[in-house]
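Heads up: the structure comes next, in C-alpha cells.
The values are calculated or read from the model by the stated rules, or taken from the named source; none is laboratory data. Because the structure is a prediction, the values reported are computed rather than measured. Heads up, the Cβs are rebuilt from the backbone with ideal geometry, glycines too, and the neighbour counts pull from every protein chain shown.
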Amino acid sequence: MRAIGSTALCVFLLAGAAFPAAAASLALAPHRAVYDLALADASDRSGITGLTGRMVYEFDGSACDGYTVNFRFVTRIDTPETSRLSDMQTTTYEDGDGSTFDFSTKSYVDEVMDKEIRGRATLDASATQVNVEKPKAQNVTLEPSRFPTQHLKELIEKAISGEHFYETTLFDGSEDADRLMTTTVVVGKKAAAEHSDPELAALGPLAADQYWPVDMAYFDLVDGEEVPSYRISFKLHENGFTRDLFMDYGDFAMTGTLVKLEMLDAPANCPTR
C-alpha cells in the first residue's frame with residue numbers, strides 16, 4: 001500500500017517555479033489532528049478482513065519560517081492467515097516559498113524497521129532536483145512540480161476563486177523519492193457542517209467554519225505513462241485543515257474520522273494576505 005503523502009492530507013498539497021502571489025501569502029493554521037482509521041471496503045482479491053488504526057498529523061510554521069509536518073500513520077490489517085501492524089512516521093520541512101523540501105520517513109512492520117527514506121528536493125524554473133540519501137544514495141532530476149504545502153495553498157486559492165477542476169503535479173518524497181505524482185482535483189461547493197456531522201464535537205473552534213468537499217486522484221508517472229495509484233476525498237477548511245477522510249487504494253478503502261483537534265499558536269510577525 002502506498003502511504004498518503006504527508007502531505008497529501010495536508011493534507012494533506014503546477015508545474016513551474018512561479019507561485020501565485022496570493023498563494024505565497026495565504027495563512028495556514030498550525031494544528032495537531034488525530035483521526036481514527038477504519039476499513040470502508042475491501043475486495044476479495046485484497047484478502048483483507050479487517051482494518052483499524054490511527055493517524056496523527058501535526059502542521060506548524062509560516063511563510064516566514066517555513067513549514068514543518070510530523071505525521072504518523074498506524075494500521076493493523078487482518079487477513080484470514082495473519083494480522084500485520086504497519087507504522088509509518090514522517091517528518092518534512094518546506095521553506096516558505098516552496099523551493100526546498102526536506103523529507104524523512106521510517107516505516108515499520110510489526111515493530112521492525114522495513115524501510116527508511118530520506119533526502120532533500122529543490123525546485124527551480126527548469127526542474128525538481130532530488131538528492132536522495134536513503135534507501136540508496138542517488139540524484140534524480142524531475143520536471144518542475146509542487147511540494148506539499150505549496151500544493152495545498154494552490155488548492156485553497158483555486159477553491160476560493162471558484163475553480164472546480166484542475167490538474168497539477170506533486171513531489172512528496174514517498175515511495176523511493178524518485179518520481180512525481182500527477183493529481184486531478186475536483187472541488188465542490190462550500191458548505192457548513194450539519195448538526196448530524198459525526199466530527200462536529202471534535203472540531204471545537206472550527207465547528208462553525210465552512211468547508212469545501214474535495215476529491216483528488218493520484219497517478220504515478222512511470223516511464224512516461226500515468227498509472228492510477230489511489231484516490232482521496234476530504235473536507236477542506238480555508239485555513240488548510242482537512243477532515244472526514246476517505247482513502248481508496250483500489251482493492252480496499254479506509255476512512256479517517258477526526259477524534260481530536262488542537263489548534264497551535266500561530267507564528268507572530270509574519271504578514272498574511
Problem set entry | Every residue from the range 52-105 that is of a type in the set (G, A, S) and either in a strand (DSSP E or B) or modelled with pLDDT of 95 or more (or both) | G53, G61, S62, G66, S83, S86, S104
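Does the range 215-232 contain at least one residue that is assigned to a loop (DSSP other than H, G, I, E, B) and within 28 Å of Q138 (Cβ to Cβ)? Full working, then the answer.
The initial filter retains those residues of the range 215-232 that are assigned to a loop (DSSP other than H, G, I, E, B), namely 223-224.
Add one more test, that the residue is within 28 Å of Q138 (Cβ to Cβ), and what stays is 223-224.
Scanning the range 215-232 turns up at least one residue that is assigned to a loop (DSSP other than H, G, I, E, B) and within 28 Å of Q138 (Cβ to Cβ).
Any idea which residue in the range 131-147 is farthest from E116 (Cα to Cα), counting only those that are of a type in the set (D, E, K, R) and assigned to a loop (DSSP other than H, G, I, E, B)?
Step one: filter the range 131-147 for residues of a type in the set (D, E, K, R), giving 133-134, 136, 143, 146.
Still in the running and assigned to a loop (DSSP other than H, G, I, E, B): 136, 143, 146.
Details: K136: 10, E143: 24, R146: 23 Å.
Taking the candidates together, the pick is E143.
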Exercise. Restricting the range 79-107 to residues that are surrounded by fewer than 16 Cβ atoms within 10 Å (Cβ to Cβ) and of a type outside the set (S, T, N, Q), which is nearest to V34 (Cα to Cα)?
Worked result: L85
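Conditions tested, residue by residue: (1) of a type outside the set (A, V, I, L, M); (2) out of contact with any Ser or Thr (no Cβ under 6 Å at 6 or more places or on another chain).
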| site | (1), (2) |
| --- | --- |
| Y93 | yes, no |
| K115 | yes, no |
| G119 | yes, yes |
| A137 | no, yes |
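Of the residues E175, E163, which is on the phi > 0 side of the Ramachandran plot, part of a loop (DSSP other than H, G, I, E, B) and not polar (S, T, N, Q)? Outline the logic, then answer.
Working: E163 fails: on the phi > 0 side of the Ramachandran plot.
It is E175.
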